[in-house]
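**Student:** Got a structure for you, written out below as structure tokens; questions coming shortly.
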Amino acid sequence: MHTITLIRMRLDPATKTYVARRIGEGKSSRYARRCLKRNICRQIFKILERRNHRDVEELPQAA
């Protein structure tokens, strides 16, 4: 998770804006990274949840 966060902070324009906004609000860089990690975790969880839900729907019903 840490590596994903650092790469996104360096390369992704939307993430750069998010971190700059947090720091502009008076938060520390460390706090901004923590918030970003939580956000990334939520995004990954939603992807996994959708994928898992779709797999369950594709399975035939047991008799």
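**Student:** What length, rounded to one decimal in nm, is gained on full extension from Leu6 through to Arg38, with 0.36 nm per residue of separation minus their alpha-carbon distance?
**Tutor:** Contour length minus Cα-Cα distance gives 10.2 nm.
**Student:** To continue, here is another question. Mind listing the phi-derived Karplus ³J(HN,Hα) values for the stretch 25-30, rounded to whole Hz, using 6.51, -1.76 and 1.60 with θ = phi - 60°, and x for any glycine or proline?
**Tutor:** Karplus values, whole Hz, x for Gly and Pro: 6, x, 7, 7, 4, 5.
**Student:** Straight-line reach from Lys27: which lysines have a Cα under 21 Å away, not including same-chain ones fewer than 8 places off?
**Tutor:** In chain and number order, the partners are Lys16, Lys37.
**Student:** Treating the Cα atoms of the stretch 2-58 as identical point scatterers in vacuum, please give the log10 of the normalised Debye intensity I(q)/I(0) at q = 0.18, 0.25 Å⁻¹, two decimals.
**Tutor:** Normalising to I(0) and taking log10 leaves -0.63, -0.94.
**Student:** Show the residues, 5+ positions off or on another chain, whose built amide H is closer than 5 Å to the amide H of Lys27.
**Tutor:** Close amide H contacts, sequence-distant or interchain: none at all.
The numbers here are math on the coordinates, done by the rules we state, and not lab data. Values in this document were obtained by computation on a predicted structure and should not be read as measured data.
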